[in-house]
Amino acid sequence: MWVRETSRRLVNWLLQAPYESYDNPRFYSGDKLPDANDDDLERPWRHRWDHLPKRTAGFGFTDRDYEAARKRAEEVARLTVGDDVWTQVKRRGYVELPSRRYAGVTYRMRIGRRIEVRCKPGVEPPWRHPFLCINPTYPLPEAEFFAHLYLYVRDQEDEVIRVAAPQPWDQALGRTF
C-alpha cells in the first residue's frame with residue numbers, strides 16, 4: 001500500500017537528517033524527499049495564509065476540489081486515529097481523552113470545533129474558560145486537522161497546553177474547511 005511505502009521512506013529520510021525538520025522551513029535545508037517530484041510535493045508552511053477568508057482552502061478551489069479533499073481527509077483521519085475512535089466520533093460526534101496532566105480533566109474533541117475541557121464534579125478546572133482554541137497554520141480539511149489534534153492531545157498534551165488559547169465559547173475552527 002502506498003501509505004506504508006511513503007511512511008517508510010519518510011521515516012528513513014528523517015533518520016538520515018536528525019537535526020533537520022521537514023515541516024519547519026527554517027531548519028529544513030533539503031529541497032525534496034527522495035523520489036519526490038517538485039510539482040507533486042506541496043509545502044503549505046512556506047506560504048502566508050492570512051489573506052484567505054476563514055473556512056476556505058484558497059482561491060480557485062472548486063466544489064469538486066473540496067469534495068475530493070474532504071474525502072481524502074476522512075480516510076487519513078480514520079487511518080490515523082484508528083477504526084474504533086473514528087467510528088465513535090462519527091456515531092457520537094465526539095471522542096473524549098482523559099488528561100494525563102490534570103486528574104479529573106477530560107478533553108472532548110469534535111471534528112471542526114474547539115476542544116472542550118470537561119471536569120469531574122469537585123475538580124478545579126485548569127483554565128478559566130472551558131474551550132481551547134488551536135487552529136492550523138494553513139488550510140486543512142476538518143477531519144484531517146481533527147486527527148492531528150487527537151494525536152497531540154493524546155501524545156503531546158504539554159504542547160497543547162502551551163499553544164492553546166482558552167476561550168469562553170465554542171465555535172468552528174478558522175482555517176479548516
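Quick look at the values:
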| read-out | value |
| --- | --- |
| Residue under evaluation Cys133, criteria (1) free of Cβ contacts under 8 Å to residues at least 40 places away in the same chain; (2) in contact with a strand residue (DSSP E or B) (Cβ under 8 Å, 6 or more places away or on another chain); (3) within 20 Å of Gly174 (Cβ to Cβ), criterion not met | (1) |
| Within region 103-124, considering residues that are assigned to a strand (DSSP E or B) and among the hydrophobic types (A, V, I, L, M, F, W, C), the one nearest to Phe146 (Cα to Cα) | Met109 |
| Of residues in region 37-55 being loosely packed, with under 10 Cβ neighbours inside 10 Å and over 20 Å from Ala143 (Cα atoms), the one modelled with the lowest pLDDT | Asn37 |
| Condition check for Leu151: modelled with pLDDT of 95 or more and either in a strand (DSSP E or B) or closer than 17 Å to Ala172 by Cβ (or both) | no |
| Qualifying residue in region 82-103 (condition: charged (D, E, K, R) and touching a Leu at 6+ places or on another chain (Cβ under 9 Å)) | no |
| Criterion: surrounded by 13 or more Cβ atoms within 10 Å (Cβ to Cβ) and either within 17 Å of Thr176 (Cβ to Cβ) or modelled with pLDDT of 85 or more (or both) - qualifying residue of Gly93, Gly58 | Gly58 |
| Condition check for Val163: within 14 Å of the chain's Cα centre (by Cα), surrounded by 21 or more Cβ atoms within 10 Å (Cβ to Cβ) and of a type in the set (Val, Ile, Thr) | no |
| Odd one out for Val85, checked against (1) more than 16 Å from the chain's Cα centre (by Cα); (2) at pLDDT 95 or above; (3) not in a loop (DSSP other than H, G, I, E, B) | (1) |
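Each row is one residue, and each column tells you yes or no for (1) touching a Phe, Trp or Tyr at 6+ places or on another chain (Cβ under 8 Å); (2) outside any loop (DSSP other than H, G, I, E, B); (3) in contact (Cβ under 8 Å) with a residue 40 or more places away in the chain.
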site: Arg48; (1), (2), (3): no, no, no
site: Phe59; (1), (2), (3): no, no, no
site: Val89; (1), (2), (3): yes, yes, yes
site: Arg101; (1), (2), (3): no, no, yes
site: Pro126; (1), (2), (3): yes, no, no
site: Tyr138; (1), (2), (3): yes, no, yes
site: Ala147; (1), (2), (3): no, yes, yes
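The values are calculated or read from the model by the stated rules, or taken from the named source; none is laboratory data. In this text the structure is predicted, and so the values were computed from the model without any measurement. Positions of Cβ are backbone-derived with ideal geometry, glycine not excepted, and every protein chain shown enters the neighbour counts.
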